[in-house]
Amino acid sequence: MRPPPPSPSPAAKLLKFPPRIGPLFWPWEKVKVGPLVVSPMGFGTWAWGNQLLWGYKEEMDALLQETFDLALRNGITLFDTADSYGTGRLNGQSERLLGKFIREFQGRNIGDNIVIATKFAAYPWRLTPGQFVKACKSSLERLQLDQIGIGQLHWSTANYAPLQEQALWDGLVAMYEEGLVRAVGVSNYGPKQLIKIHDYLESRGVPLCSAQVQFSLLSMSDAQMELKEVCNCLGIRLIAYSPLGLGMLTGKYTTSRLPRGPRALLFRQVLPGLDPLLNSLKDISERRQKTMSQVAINWCICKGTIPIPGVKSVKQAEENLGSLGWRLSSDEIFELESAAKSSPKKMIQNIFQTR
């Protein structure tokens, strides 16, 4: 007599449930950034306070808070900002809003898992380590936090004020030693300069945990790919900003349908040369039943980076969350990268990035 079949496991029972409608969230999936554990994708907050490029208005704050709450409840724990985000009188507005949203979040201790990564601008008047530490304390006040997750140098001055660079590096050391930040990172560093600051910080007993750069299917230059290899070798996590090329990889824009503001000038130059890449994104998104944005962000995740797409609405957050919980195949990655290389236009590199 045959034994009765084993009872289905809880996981097997779940597989019999109807398919979930909408984005698939994987809040339990985490990645390491130095001593920190964060979601495989973060959200960027450059638009929160930026009137010039992103059309921010203060009446948007309630919607931004709703967007933040949605992200946090669905497993996003990394939020990127900067002390320079916010135009004119709204300088620092992004940090202030994040602090307010964290304080007012109604979740069950989920806020304790949040990692804020903020960047400190290499302003020409920040000439001493003490001034950089003061900048960090000002960010802590705006964020209403006792400690920042990742304190990042926003850009290197090596290209135009090399003597200032040492003071900025020492400022990172000082804020780490004072316990103002849990980890240290940099932004807009090229491969050669990244090795220099890594070695210097290591000599001071400070691990460099992250490097944030423009990284997407539009930014596959030799320098960016070399930077990724350096990060892999040194154990530095690459944080990919502009994973959607400021919106050019979303499929929402054409030469006859451009965004408002300064972005229109860039889009008018680059979009006409992106047909191979956009067609590939569209083909894969249709096969996968995903959006082009989700495919572009997932490519960044598959490359081992943490993408931080910007969000300023619930709709954008929901769409970006649909980038999680699945992976492109190796054939699809090859198809996308081949299309990117055959596209005659590329994203303009950030002028602050060093070699």
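A few comments on the model shown:
- Positive contributions from Lys and Arg (+1) and negative ones from Asp and Glu (-1), summed over other residues with Cβ under 11 Å from the Cβ of residue 158, come out at +2.
- Angle between the chain longest axis and helix 162-177 axis [Cα atoms, degrees, rounded to 10]: 70 degrees
- Here the chain exposes an accessible surface that is 55 percent carbon and sulfur, computed with a 1.4 Å probe and the other protein chains kept in place.
- Region 241-255 and region 135-178 have Cα centres separated by 31 Å.
- Unit Cα scatterers, Debye sum, the chain: log10 I(q)/I(0) for q = 0.10, 0.13 Å⁻¹: -0.62, -1.04
- Put simply, the amide H of residue 81, placed in the peptide plane, has neighbours under 5 Å in 117, 118, 119, leaving out anything fewer than 5 places away on its chain.
- Between helix 129-143 and the chain: long-axis angle, C-alpha atoms, 0 to 90°, nearest 10: 40 degrees
- The shape of region 220-355 can be summarised by an equivalent ellipsoid whose semi-axes, obtained from the alpha carbon gyration tensor, come to 22, 19, 16 Å from longest to shortest.
- Helix 330-342 axis versus longest C-alpha principal axis of the chain: approximately 50°, rounded to the nearest ten.
- Top positive-direction residue, dipole computed over region 190-233 with Cβ charges, set 227, 203, 216: 203
- Dimensionless Rg ratio for region 282-355, taking C-alpha atoms and the 2.2 N^0.38 Å reference: 1.21
- Residue ranges 94-103, 211-220, 229-238 sort as 211-220, 94-103, 229-238 when ordered by packing (mean number of other C-beta atoms within 10 Å per residue, highest first).
The values are calculated or read from the model by the stated rules, or taken from the named source; none is laboratory data. Given the structure is predicted, the values throughout are model-derived calculations rather than measurements. As a convention, Cβ positions derive from the backbone with ideal geometry for all residues, glycine included, and neighbour counts pool all protein chains shown. Protein only, heavy atoms only, side chains kept; ligands, DNA and RNA dropped before computing areas. Shrake-Rupley method; radii C 1.70, N 1.55, O 1.52, S 1.80 Å.
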